[in-house]
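Worksheet for the structure shown next.
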Amino acid sequence: MPSTAVEPWFASRVQYHCFILFLVPFLFHQTPHQTSSLSSALVRQGRQLRPRDRADGHGWVKEDPDFNAADDSAVSATHTIELKKRPSGIKRYTHGIDGKGAMVMDMNEKARYPGDPLGQAAVAGVKKGYVVKTVNGTDVRNWDFEDIMDLLEDFIPDPDVQSTAAFKGGAQRVRKHQQVTFPVTIEYVEMKPMDKAAASAGPAVPAGAWMPRLSGWSDEDLMKERQRAMAMPEPAQILVASDVDDAFLQRPFLFNGDFVDRGSWSIEVILLIYAMKMKHPNAVFMNRGNHEMLEANMIYGFAGETGSKYDLDLFNLFSESFRNLPLLHLVNNEVLVVHAGIPGPRPRVWLPGQTHDPEDAVPVNARATTLAEIASVDRYTELTPNSYKEAVDSAPRQEQKWETDTRMIIDFLWSDPRGGSGYGPSYRKSRGVFMFGPDVTAQFCRENNVKLLIRSHEVKAEGYLKDHDTLMSVFSAPNYLDTGGNKGAFLQLAPGPGGSLEATPTSYTAVPHPDLPPMFHQAQKPMCSLCFKPVLFPFFLSC
């Protein structure tokens with residue numbers, strides 16, 4: 001029995017009083033735990049410096065090729081190029097498997113007009129895949145990636161990347177090299193691809209190793225709970241907020257995703273929310289976020305924490321419950337609440353070479369996706385790395401229903417607003433995720449008669465931000481990852497003078513918590529997102 005994306009009983013004529021919360025588990029103390037029986041498996045050691053860990057946007061994503069910058073036998077050609085000033089148009093470098101070297105992975109591939117400074121690298125002959133050999137005659141192939149980036153200091157500023165760059169403590173690293181003065185002469189080399197045939201099959205799963213359970217709970221198993229939820233009476237008010245004190249539950253709450261991961265008390269947070277839901281089934285509601293996904297839980301802490309404190313059979317049950325969470329809530333037929341964003345472009349075509357320049361955009365759709373189409377989405381799913389790659393096409397074509405559902409779920413869980421018009425590529429994944437502009441938001445609200453969109457998914461300095469005229473973000477985890485310095489916030493929805501719902505934000509600062517770093521349990525038993533087995537050190541693959 002398909003489960004729809006939107007809780008339909010939420011669309012009513014009742015005026016709600018609503019608090020909206022985006023929750024990340026940093027609030028509660030550690031519980032007694034038992035040792036997991038998971039075996040350990042070793043994967044390649046190497047620093048995975050992701051673009052969103054760095055203010056300059058440079059770093060590694062999982063689709064990047066492996067290379068050894070110091071391997072002369074792999075060099076097929078050498079090119080000497082002079083770049084006259086910063087920024088040259090190179091948007092992202094990546095590093096080799098040992099954290100050494102720097103390869104061009106993303107750049108403006110043409111000049112927009114004669115003399116365009118952001119097209120100078122392309123005009124000078126730089127191409128994707130080129131590896132830096134020398135900078136002004138200094139051989140840097142054996143340098144650490146961070147040191148090469150410090151030397152070049154060549155990047156196109158992007159506030160979205162900069163806003164999250166400090167969360168991994170990168171700002172605390174001691175700088176070894178000052179930036180080189182431009183114009184600069186850089187010697188690039190082209191390298192032959194490394195042989196990956198042996199690795200393509202992936203490691204064998206050891207006998208007795210734990211694997212995540214992806215099915216086994218039938219619709220019939222959950223039918224009674226679904227029927228009970230659908231039969232719930234409409235509340236007179238609804239709250240969406242971070243306060244979980246029982247006194248507040250006289251009015252409903254809506255928790256807008258990301259209940260687990262990134263912290264060290266995910267178990268305490270999710271059990272508390274579920275207990276609240278059981279005690280107050282008509283007052284507590286939840287949207288699924290991108291961290292209620294198996295892919296994220298393997299990497300960002302919840303799987304490791306559950307296995308450390310309890311066992312991974314419990315993790316399987318949590319995963320099943322996450323697959324059944326709603327994706328959106330419609331409040332009073334006026335306010336649509338979703339974790340990340342709204343449906344992407346149609347047709348969903350990926351344009352090679354499209355940049356993050358606000359003027360480089362896929363135009364707004366001929367018509368907006370309707371609420372009825374959204375309500376027909378089968379929300380029961382798991383996304384894999386291939387889901388994103390396959391979520392776009394090289395040319396327009398007719399989608400199958402399951403493809404449309406998967407693509408919309410990616411948008412609901414991963415997309416972000418942007419300042420420029422239309423749709424543009426996201427920084428979160430290398431392919432398949434889009435950002436959407438104010439004209440997209442305006443069209444969606446106008447054609448669906450929605451007055452306001454509320455979403456989360458992004459850190460905001462004050463805990464909230466009105467990104468577009470009819471779109472507001474709320475982020476409820478203050479001092480994100482203990483280094484963000486941001487405030488948290490919740491939104492209160494209540495009728496305004498004209499009778500329509502209005503969102504009133506309340507910000508707050510962080511409070512002390514026990515001396516335990518974020519993702520402590522994952523650091524003890526991290527999980528590999530490729531083979532879903534514990535590894536001996538953190539293995540970060542995506543954001």
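The values are calculated or read from the model by the stated rules, or taken from the named source; none is laboratory data. Computed from a predicted structure; not experimentally measured. A quick note on method: Cβ atoms are made from the backbone with ideal geometry, for glycine too, and the neighbour counts reach across all protein chains shown. When the accessible area is computed, the model is the full protein with side chains, heavy atoms only, and any ligands, DNA or RNA have been set aside. Shrake-Rupley method; radii C 1.70, N 1.55, O 1.52, S 1.80 Å.
The number of residues in region 265-295 being more than 26 Å from P252 (Cα to Cα) and surrounded by 24 or more Cβ atoms within 10 Å (Cβ to Cβ) comes to 0.
The set of residues in region 462-499 being on the phi < 0 side of the Ramachandran plot, in contact (Cβ under 8 Å) with a residue 12 or more places away in the chain, in contact with a strand residue (DSSP E or B) (Cβ under 9 Å, 6 or more places away or on another chain) and among the small types (G, A, S) consists of S473, S476, A477, G488, A489, A494. Selection of region 487-499 for residues being buried (at least 19 other Cβ atoms within 10 Å of the Cβ) and either within 18 Å of the chain's Cα centre (by Cα) or not in a loop (DSSP other than H, G, I, E, B) (or both) yields G488, A489, F490, L491, L493. Listed here are the helices (runs of 4 or more DSSP H) enclosed by region 93-164 that have at least 1 residues being touching a His at 6+ places or on another chain (Cβ under 7 Å) and surrounded by 21 or more Cβ atoms within 10 Å (Cβ to Cβ): 145-152.
Here's the yes/no breakdown for (1) of a type in the set (G, A, S); (2) surrounded by 20 or more Cβ atoms within 10 Å (Cβ to Cβ); (3) within 21 Å of the chain's Cα centre (by Cα); (4) closer than 30 Å to M107 by Cβ:
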position	(1), (2), (3), (4)
S321	yes, no, yes, no
L330	no, yes, no, no
R348	no, yes, yes, yes
P363	no, no, no, yes
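State whether the residues of region 393-404 include one that is open to solvent by less than 50 Å² (accessible area, probe 1.4 Å), part of a helix (DSSP H, G or I) and in contact with a helix residue (DSSP H, G or I) (Cβ under 9 Å, 6 or more places away or on another chain). Yes, because at least one residue in region 393-404 is open to solvent by less than 50 Å² (accessible area, probe 1.4 Å), part of a helix (DSSP H, G or I) and in contact with a helix residue (DSSP H, G or I) (Cβ under 9 Å, 6 or more places away or on another chain). Across region 405-435, the qualifying residues are those that are assigned to a loop (DSSP other than H, G, I, E, B), of a type in the set (S, T, N, Q) and at pLDDT 90 or above, and the one among them that is nearest to the chain's Cα centre (by Cα) is S415.
The residue of region 34-77 that is most open to solvent (accessible area, probe 1.4 Å), among those that are modelled with pLDDT under 65 and aliphatic (A, V, I, L, M), is L42. Among the residues of region 452-477, those that are charged (D, E, K, R) and open to solvent by 10 Å² or more (accessible area, probe 1.4 Å) comprise E458, K460, E462, K466, D467, D469. Scanning region 441-480 for residues that are within 18 Å of the chain's Cα centre (by Cα) and of a type in the set (D, E) yields E458, D467.
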